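The values are calculated or read from the model by the stated rules, or taken from the named source; none is laboratory data. Just so it is clear, the model here is predicted, and its values are computed rather than measured. Positions of Cβ are backbone-derived with ideal geometry, glycine not excepted, and every protein chain shown enters the neighbour counts. Ligands, DNA and RNA are stripped out before the accessible areas are found, and what is left, the full protein with its side chains, is counted by its heavy atoms. Shrake-Rupley method; radii C 1.70, N 1.55, O 1.52, S 1.80 Å.
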Amino acid sequence: MTTTERTAGATGRRAEDENGVPLLEVRDLHVEFRTREGVARAVNGVNYSVSAGETLAVLGESGSGKSVTAQAIMGILDMPPGRIPKGEILFRGRDLLKASSEERRKVRGARIAMIFQDALSSLNPVLSVGYQLGEMFRVHQGLSRKDARARAIELMDRVRIPAAKERVGDYPHQFS
Ligand SMILES: Nc1ncnc2c1ncn2[C@@H]1O[C@H](COP(=O)(O)OP(=O)(O)OP(=O)(O)O)[C@@H](O)[C@H]1O
Ligand SMILES: [Mg+2]
């Protein structure tokens, strides 16, 4: 059983959605995994919608399917063993489950991103943090390495990492 909690964004008001369509809508989503012991039904009919500028918190006990739902939205579920027998994931009204892998790749990272539960071990230990942050801008916006690095510094500044300019070349293990 999961519950959801919504708040307006930092501006304190809900931004208007384009054409009255929510930014993200999950409808009757079902996800199952084929295992040796049979089919494990991880997500059974989840529904939620998020408008532009809104924050939605999804609460639920461990194993209730929060991460699996997020992975389905991102399009990073392991299929097989995973399968989505039923449901829709509408991004700006368009069902991502019906999109081509090329379309999904464009949305992933540029429009929808995921911060993993164990963010530190999700980063590549042998690449600098700045390089990994900059990758987003190189891949999705075609920025040069230099410009991507500048954007990475900006982002680190924004989350108040002290001396971002010096720390952009640090490796994940050098951050607490
Ligand atoms: N690849 C997989 N194969 C089989 N079962 C899986 C797989 N991935 C997830 N599951 C199962 O799906 C269910 C939902 O897991 P999920 O990770 O989404 O839970 P969660 O709500 O994020 O929990 P937590 O609060 O611990 O992060 C669990 O029973 C889990 O064991
Ligand atoms: Mg989880």
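GNM on the chain, alpha-carbon springs under 10 angstrom: the most fluctuating residue among V129, V159, V50 is V159.
Using a 1.4 Å probe over the heavy atoms of the protein chains, calculate the carbon and sulfur portion of the accessible area of region 93-176 as a whole percent. About 52 percent, which is the carbon plus sulfur part of the accessible surface.
Considering only Q117, Q71, Q132, the Gaussian network model of the chain with Cα springs below 10 Å gives its largest mean-square fluctuation to Q117.
For the set K66/K146; K66/K165; K66/K106, the pairs lying more than 26 angstrom apart at their alpha carbons are K66/K146; K66/K165.
At a probe radius of 1.4 angstrom, the accessible area of the chain per residue rounds to 67 square angstrom. Separation of region 112-134 from region 65-100 is 22 Å, based on Cα centroids. Here the Gaussian network model covers the chain, with springs between Cα atoms less than 10 Å apart; of S121, S51, S67, S121 fluctuates the most. Could you tell me whether the chain comes out rounded, prolate or oblate from its Cα gyration tensor? Rule is a ≥ b ≥ c as square roots of the eigenvalues, rounded for a/c under 1.5, then prolate if a/b exceeds b/c, otherwise oblate. It comes out prolate by the Cα gyration axes. Bridges between two residues of the chain, per DSSP, are antiparallel at a rate of about 95%.
On the basis of the beta-carbon distance and an R0 of 35 Å, K165 and Q141 show a calculated FRET efficiency of 0.95.
Applying the Karplus relation 6.51 cos²θ - 1.76 cosθ + 1.60 with θ = phi - 60° to region 77-84 yields 3J(HN,Hα) values of 6, 6, 10, x, x, x, 7, 10 Hz, where x marks Gly and Pro.
Listed values for region 24-35 are Karplus-derived 3J(HN,Hα) couplings in whole Hz (6.51 cos²θ - 1.76 cosθ + 1.60, θ = phi - 60°), namely 9, 9, 9, 10, 6, 6, 10, 10, 10, 10, 7, 10, and x replaces Gly and Pro. The mean sequence distance of close C-alpha pairs (under 8 Å, at least 6 residues apart), as a share of the length of the chain, puts its relative contact order at 20 percent.
Using the Karplus relation 6.51 cos²θ - 1.76 cosθ + 1.60 with θ = phi - 60°, the per-residue 3J(HN,Hα) values for region 98-113 come to 9, 7, 6, 5, 5, 4, 5, 4, 5, 6, 5, x, 8, 10, 10, 10 Hz, with x marking Gly and Pro. Restriction of the GluC sites (Glu not before Pro) in region 21-80 to DSSP coil positions whose beta-carbon has at most 13 other beta-carbons within 10 angstrom yields E37, E61. How charged is the neighbourhood of F33? Take every other residue with its Cβ under 12 Å from the Cβ of F33, and add Lys/Arg as +1 and Asp/Glu as -1. Every neighbour counted, the sum reads +1. Between S51 and L23, the built amide H atoms are under 5 Å apart, and every one of these is 5 or more places off in sequence or on another chain. The residues packed around S67, meaning those with a beta-carbon under 13 Å from its beta-carbon, carry a net charge of -2 if Lys and Arg are +1 and Asp and Glu are -1. Amide H contacts for Y171 (H built 1.01 Å from N in the peptide plane; partners 5 or more residues away or on another chain; cut-off under 5 Å): V129. Dividing the helix sum by the residues of the chain, where each DSSP H run of 4 or more adds -39500 (n - 2.57), gives a mean residue ellipticity at 222 nm of -8000 deg cm²/dmol.
Between the amide H of R83 and those of E32, distances stay under 5 Å, these residues lying 5 or more places away or on another chain, with hydrogens modeled in the peptide plane. Counting charges near S128 (Lys, Arg +1; Asp, Glu -1) among other residues having Cβ under 10 Å from its Cβ returns a value of +1. Counted without the sites themselves, the longest stretch of the chain free of chymotrypsin sites (Phe, Trp or Tyr not before Pro) in a DSSP loop having at most 14 other beta carbon atoms within 10 Å is 1-115. Sparsely packed loop sites in region 117-176 (the trypsin sites (Lys or Arg not before Pro) outside DSSP H, G, I, E and B with at most 13 other Cβ atoms within 10 Å) comprise R160.
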